[in-house]
1. Once the convex hull of the C-alpha atoms of the range 134-271 is built, how many Å³ does it hold per residue, rounded to a whole number?
2. Using a Förster distance of 41 angstrom, determine the FRET efficiency expected from the C-beta separation of residue 561 and residue 335, and round it to 0.05.
3. Okay, which of the range 27-46 sit inside 16 Å, backbone N to the point 7 Å along the Cα-Cβ direction of residue 181?
4. Using the Kirkwood radius over Cα pairs, work out the Stokes-Einstein diffusion coefficient for the range 302-342 at 4 °C and 1.567 mPa s, in µm²/s as a whole number.
5. Find how much the distance from residue 68 to residue 461 grows on full extension, using 0.36 nm per residue of separation minus their present alpha carbon separation; answer in nm with one decimal.
6. Can you compute the equivalent ellipsoid semi-axes for the range 214-313, i.e. the square root of 5 times each eigenvalue of the Cα gyration tensor, sorted largest first and rounded to whole Å?
7. Given points 7 Å out from each Cα along the Cα-Cβ axis, report the residue 120 to residue 362 separation in nanometres with one decimal.
8. Please give the per residue volume of the convex hull enclosing the alpha carbon atoms of the range 288-412, rounded to a whole number of Å³.
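We did not get these values from a lab; they are worked out from the coordinates using the rules stated. Computed from a predicted structure; not experimentally measured. With ideal geometry, Cβ positions are generated from the backbone for all residues, glycine too; neighbour counts draw on all protein chains shown.
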């Protein structure tokens, strides 16, 4: 009897343990029917911890939030309760019955899949306009605005677009917003201004009400076409904390997080053409407020000495979008191609600084050479008039050197051609008495050169054999060849980033562009498809190790974070080294 009771108790305990150990992995949606203008939340929930979670591709949906991970681990009356959830927020892209595919997870070496979930997407529905609806409260209290400094500029006149995120005092957000769509600024020359030092919360007004705002980005634009030009909107996915309908035990309303997609909206700029009236003949597209000067480091020198002649344009305007006037000098002055240099910074008001062309001039003959004035014309958008600046005239005195009547004619203003008067010593370096002597010829046969040419090839045979063995060993080294190819490929894609390693802002832009170009080459995907979850999925499917994929995603995050936070030279160098290592590892592992 005791044996039967023991067996019964043992079977009961084993059944309980089996029930406890049963793995559950389910997909749950916030609603089975929604409007095309609504959001859908999808939770992939498991009761045991797992690895290598892979979401479905969410066909016919756009991921606007997530993945957000939450873990619950509790003990109640000695019984453990565990739950791990991956949450996504989706925006439907089409109507009808849409299926959310299967997600997979590995738990204790076994792969588990969720069941497909079907939802019905209808036409747009009215969003409830009441204070108890979190979606409505979030939409009414968070706004993204694109402020344009001048909506009616001239061609090549600087304008500034400032993106401000306004948040009311009734809700709160975190800094973890994400860009969904970034403006491309077609038909504009553009440059983003680093706002990291001013990245702070300020008080302001929106529609006459008190709001907090932060400047997300400031971009300087120079229109390159006339007419109506569209500025693409900046679109963000922003997590917003609002007071929900639920209350705690004291009756206070609990905060609820809502992910909202907000856009700055389209802006149209009407670009005016430059006036034809009063346009100078030498005008080359300069728009702004400039000064102009032509200088030289010396005006007195000898023939065959060099002087430096600088043509410099300074001021505020489209300095990088035009060229400085060229100089015309007498033919007897040898002029080399100018060395162009730019000292231009771009601020909120546009480009300012200077551009210059430095000419190296070498006179050939003695004489006095006048440098005629050079004119520079530009359009001033403030006065809406063209202005012309003329440089000063100066002369170059060549004190010692050969005398040329052509040079004399040039200095006197006579363009007629005259015979050059030569000195009797001009050709004294030519030896008129050669005093030649016969050279004794040595027989080639059995000479040192003969034996060297005959025996040299035999001496090279061992070297060829040794080189062939090394080449064969190198070709057989599959892993080594992969590593060398991978390192070469990584340095190829990261060459631009390496050149800009001293400028963190430009470095991270180049690094992000290099990582995207590498993915385009390896995975054959477009930039618009480069969601981090999709990148992780595709790399994992190509047998890339999870740690390598995670490092790649972290590099992309660092590039995004660098837009809003300054980076040190140490972090830039570390990210460059990490990028070379990651691209090399992916190229070795990808299949």
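1. On the way: hull volume 15.8 nm³, N = 138.
It comes to 114 Å³ per residue, whole-number rounded.
2. For residue 561 and residue 335, the calculated efficiency is 0.25.
3. Backbone N within reach: 37-38.
4. On the way: Rh = 12.7 Å.
The calculation lands on 102 µm²/s.
5. Numbers: separation 393, 0.36 × 393 = 141.48 nm, distance 6.69 nm.
Result for the pair: 134.8 nm of gain on full extension.
6. 60, 23, 10
7. It works out to 8.7 nm between the two label points.
8. 93
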